[in-house]
Amino acid sequence: MTILHTLKNRRSIHTFKKINIPSDILKDIFTYASYAPTHYMTEPWELIVYQDEGKSSFIQSILSSYERIGMIKPNNEPKAVKMKESMRDFLMDIPHHVLIYFDRKQDQIRYEEEYAAVCAFIQNAQLAAWEYEVGMLWTITPYMHDPLFARDIGLGENVKIAAVLQVGYPKSIPRNKGRTPIEQKIKFITE
Ligand SMILES: Cc1cc2nc3c(=O)[nH]c(=O)nc-3n(C[C@H](O)[C@H](O)[C@H](O)COP(=O)(O)O)c2cc1C
C-alpha cells in the first residue's frame with residue numbers, strides 16, 4: 001500500500017474483533033506515529049494503553065464521570081443500571097483504549113503547538129495502524145473535559161487529555177463517505 005492509498009482508504013472503525021493486538025505491533029504503530037512534526041522537538045504525546053483487566057477501572061471511571069456530568073442517572077433504578085451495564089459491556093468489548101495526553105502549557109501559543117503536534121501524532125498512528133490492518137476510532141467525549149476524571153485515573157491536574165483511541169482488528173469497515181472536492185475549499189492568490 002502506498003501512503004496515498006492509505007490516506008484515502010483508511011476508515012474510522014466502530015466494531016472490533018475480540019482479539020488483542022500484540023504489544024510489539026502497537027509499539028511499532030506508535031513508533032511510526034512519533035515521527036509527527038513537533039515544534040522545538042518537545043514530542044509532547046504521552047500514552048496509556050488500557051487492555052485486558054486494565055480496562056475495568058478505566059471504564060468504571062468513565063461511568064462515574066458520566067454520572068457526575070449528568071449523562072447517565074446516578075441512581076440504581078433498573079433503567080439506569082441497564083444503561084450502565086450496556087455501556088460497560090460495549091466498552092469492555094473494545095480490545096484496547098489508548099488515552100493520549102500531554103502537559104498543559106500555560107502559554108496559549110505553546111499550548112496550541114503541543115496540541116497540534118499531538119493531533120499529527122494521532123493521525124500518523126491511524127495511518128500506520130491501517131498498514132498493519134489495525135483499526136482505530138479517534139474519540140473525544142465529555143469525560144475528557146471532567147477534571148475529576150483525570151484525577152480518578154491518576155493523572156495530574158496539569159494535563160490535557162487529547163483523545164482516546166479505540167483500537168482493534170476491524171470486524172467491519174465502513175464505506176468511504178468521500179470528501180468535498182478541494183476546489184470548493186482552496187483559493188489561489190496570484191496577484
Ligand atoms: C478530533 C476528532 C474527534 C472524533 N471523535 C469521534 C467520536 O467521539 N466518536 C466517533 O464516532 N467518531 C469520532 N471521530 C471520527 C469521525 O467521526 C470520522 O473521522 C468521520 O466520520 C470521517 O470518517 P473516516 O475517518 O472513516 O473518514 C472523531 C474525529 C476527530 C478528528
Quiz item: Helix-derived [θ] at 222 nm for the chain: sum -39500 (n - 2.57) over DSSP H runs of at least 4, divide by residue count, nearest 500?
Solution: -13000 deg cm²/dmol
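Roughly how many debye, to the nearest 20, is the charge dipole of the range 1-111 about its Cα centre, given +1 on each Lys and Arg Cβ, -1 on each Asp and Glu Cβ, and no other charges? Write out the running numbers ahead of the final one.
Numbers: 16 positive and 13 negative charges, 96 e Å.
The dipole magnitude comes to about 460 debye.
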Quiz item: What trypsin sites (Lys or Arg not before Pro) does the range 1-84 have in DSSP loop regions with at most 15 other beta carbons within 10 Å?
Solution: 17, 18
Quiz prompt | Cα convex hull volume per residue for the range 27-104 (Å³) | solution = 115
Quiz item: Taking the Cα centre of each part, how many Å lie between the range 128-148 and the range 40-110?
Solution: 10
Self-check item: Modelled FRET efficiency - R0 22 Å, residue 88 with residue 68, Cβ distances, 0.05 increments
Solution: 0.85
Quiz item: If r is the Cβ-Cβ distance from residue 52 to residue 138 and R0 is 22 Å, what FRET efficiency results, to the nearest 0.05?
Solution: 0.50
Quiz item: Using 0.36 nm per residue, how much length does the chain from residue 7 to residue 107 gain when fully extended, once their Cα-Cα distance is taken away?
Solution: 32.7 nm
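Sort 172, 34, 64 by Cβ crowding within 10 Å, fewest neighbours at the top. Mind showing how you got there, number by number?
Details: 172 11, 34 15, 64 18.
Going from sparsest to densest Cβ surroundings: 172, 34, 64.
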Self-check item: Interatomic Cα distance distribution for the chain, bins of 10 angstrom, percent
Solution: 8, 30, 33, 21, 6, 1, 0
Quiz prompt | Proximal aspartates and glutamates to residue 82, defined as alpha-carbon separation beneath 14 angstrom and excluding residues fewer than eight positions away on the same chain | solution = 67
Quiz item: What are the chymotrypsin sites (Phe, Trp or Tyr not before Pro) within the range 12-83 that DSSP puts in a loop, where the Cβ has at most 12 other Cβ atoms within 10 Å?
Solution: 35
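Based on the Cβ-Cβ distance from residue 145 to residue 191, what FRET efficiency comes out when R0 is 45 Å, to the nearest 0.05?
Working: r = 45 Å, r/R0 = 1.01.
Step by step, r from the Cβ atoms, then E = 0.50.
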Practice problem: Above 22 angstrom, tally the Cα pairs of the range 101-191 and express them as a % of all pairs, no decimals. | Solution: 50
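Taking the range 69-140, which GluC sites (Glu not before Pro) meet the DSSP loop condition and have no more than 14 other C-beta atoms within 10 Å?
Working: sites: 85, 112, 113, 114, 131, 133; in loops: 133.
Taking the range 69-140 and a limit of 14 other Cβ atoms within 10 Å, the loop GluC sites (Glu not before Pro) found are 133.
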Quiz item: Based on Cβ point charges of +1 for Lys and Arg and -1 for Asp and Glu, what charge dipole magnitude is obtained for the chain about its Cα centre, in debye rounded to the nearest 20?
Solution: 840
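Every read-out reported here was derived from the displayed coordinates using simple, explicitly stated rules and does not represent laboratory data. Predicted, not measured: the structure shown is a model, and the values here were computed from it. No Cβ is skipped: glycine too gets one built from the backbone with ideal geometry, and neighbour counts run over all protein chains shown.
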